[in-house]
Amino acid sequence: MNKDTSIFSKSASSGPVSGLPLIHVLLIEDNPADALLIQAMLAEPSSARFEVTPAATLGKGLESLARGTFDVVLLDLSLPDSFGLETFDIVRAQAATMPILVMSGLDDENAAVSAVHSGAQDYLVKGSVDSHLLARSLRYAIERKKAEEALRHSEAFYQSLVDNVPQFILRKDLQGRFTFGNQKFLAELGRPIEEIVGKTDFDFFPPELAEKYQLDDRNVMETGEVFETVEEHEPPGSDRKRYVQVIKTPIRDRDKKVIGIQGIFWDVTERKLAEEKVKQANSDLAQSREEVLKTLGDLRQKHDEVKEAQGHIIQMERTQMVGRLAAGFAREMKGTLDAMRAGLDQIRSLPSAPAVVAKEMSEALRRADTILNGLLDFAAPGKLQLAPAGLNEILGEVLQFLDHDVKQAACEVVRELDPNLPPALVDRNRIKQVLINLLNNALQAMPDGGTLTLRTRLHEPHRGEVESDNDRRVTGLLRRNEPALILEIEDTGTGIPPEKLGRIFDPFFTVKPAAKGTGLGLTVTKKIIEMHGGNIAIQNRRGGSGVCATVILKAAPHGNANKANPDRG
């Protein structure tokens, strides 16, 4: 920091204010009287301490920017070596990420608007501000600039994401007019974004198709429900029909009011053709069953055709899952950006309580970060670091880590752990991640308290004994005829609606409230367990409320058993 600071600047150790945040201010002002007055105002007691570095010319101010680190710039537009908005542009070019407040002796509304449009955080008129207003304006400017930078980075990430996914993404307003299209969609229409914004389907598609598209849009906007279908699609300028998978979702404002729709679609022509091929093949088999039985060679040929067609269907289903994932991610990121925009609007319009808004924006950013981390774990989980480890010991460490959450939930923990359990062959940190997620789910399912039961045991298929009500379900999940370690996490909570049990491992599907989960926890959990060569089953408890999660893991080979076996006495 430049050492040429004013005598009015507050000391970092000045008694009762030493605990307040320190804000470094670069003051570019050529009038000595105004400079001294501003520094005196910032020396008054407030919610922050200010260290002011004065500069009497634009050149000296730029030199200070090059040498020191500042939090905010107070800038006079009329300087000996520069005048007007050009002064602001020069400073902004050197300190693009720093908040800049313009101070002027002219109460000129047009100049104020121009400065703000150019990027200034505020326009203050000399003689019209007191020490309290000046200090508050500086702090608000810093917070607004941080929010703008965070929003800019998030919007850039969102734009990059939607422009590079292989699906077609679009948005429309309540009148059915396009407001956005990603690069894939723009290439489909053969138009730049400027030529589709404000236009409707009738400007690009045949009347009968445009009418159908808008009818689907109105249904989504009126019901607020997701629309999903496979339909025929004829690209503009093409006479070749295709089949596309379409998902349309409502776009809502901060008050949950529908303000438009978002659509995502992708080509499933190959899948449809494969389905028709399978149908035709099955029809041929039914009609010529006697002939096929007589000619084994013909039967093998038909069978191979069916298998090939089914392979195409499986591949297309995988593509469909990627599309659902992209649609879910786009919805989640859109909600996060909406929250940040709303917070920024509040900071700009409300002169008080920025801390509350900042907290809301921080929560929105945390949620976006959680979603992105979950996607990274799901898409690229990395290589496992396998080693023998005691499952009971790992479970004890996780319970100790979650001790505060267990007490907050007022839950009783019952441990039914096999003391002679052999070690598991696991990545210790990844299995901890799995256990923390499953235990948190169980605790959140018991808002009024309950019982959390933990069981571990060794399952040896050749013995054939039945040890609990879940054994039949467990043996059905085992992939190999070899010993396995069984962990059961059972709660007495609210359970899972039966119609939703089949989807709990789908990306972005969750039965929790919107603010409680991202829908990626169980998806990542299942993937980690499968990477270990294990399996997981989640079912409602038999004969009572609550859920039982059963995890199956491989035991460490006998050669490694003695290297890490803390569960044996």
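Nothing in this text is a laboratory measurement; each read-out follows from the coordinates by a stated rule. Remember, it's a predicted structure, so these values are computed and weren't measured experimentally. Don't worry about glycine lacking a Cβ; one is built from the backbone with ideal geometry, like all the others, and counts go over all protein chains shown.
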Residues whose modelled amide H sits under 5 Å from the amide H of Val268, counting only those 5 or more places away in sequence or on another chain, are Tyr243, Val244, Gln245
In nm, the gap between the two label points placed 7 Å beyond Cα toward Cβ at Lys241 and Ser78 is 7.4
Amide H contacts under 5 Å for Met103, restricted to residues at least 5 apart in sequence or on another chain and with H modeled in the peptide plane, are Leu75, Asp76, Leu77, Leu124
Diffing segment 398-409: the Karplus 3J(HN,Hα) column from phi (6.51, -1.76, 1.60, θ = phi - 60°), in whole Hz with x for Gly and Pro, holds 5, 4, 5, 5, 9, 4, 5, 5, 5, 5, 4, 7
Which links in Lys383/Lys527; Lys241/Lys272; Lys248/Lys500 stretch past 19 Å when you go from one Cα to the other? Lys248/Lys500
In vacuum, with every alpha carbon of segment 165-267 counted as one equal point scatterer, what does the Debye formula give for log10 I(q)/I(0) at q = 0.23 Å⁻¹? Two decimals, please. -1.44
Over all Cα pairs of segment 47-148, the Kirkwood radius sets Rh, and Rg/Rh then becomes 0.92
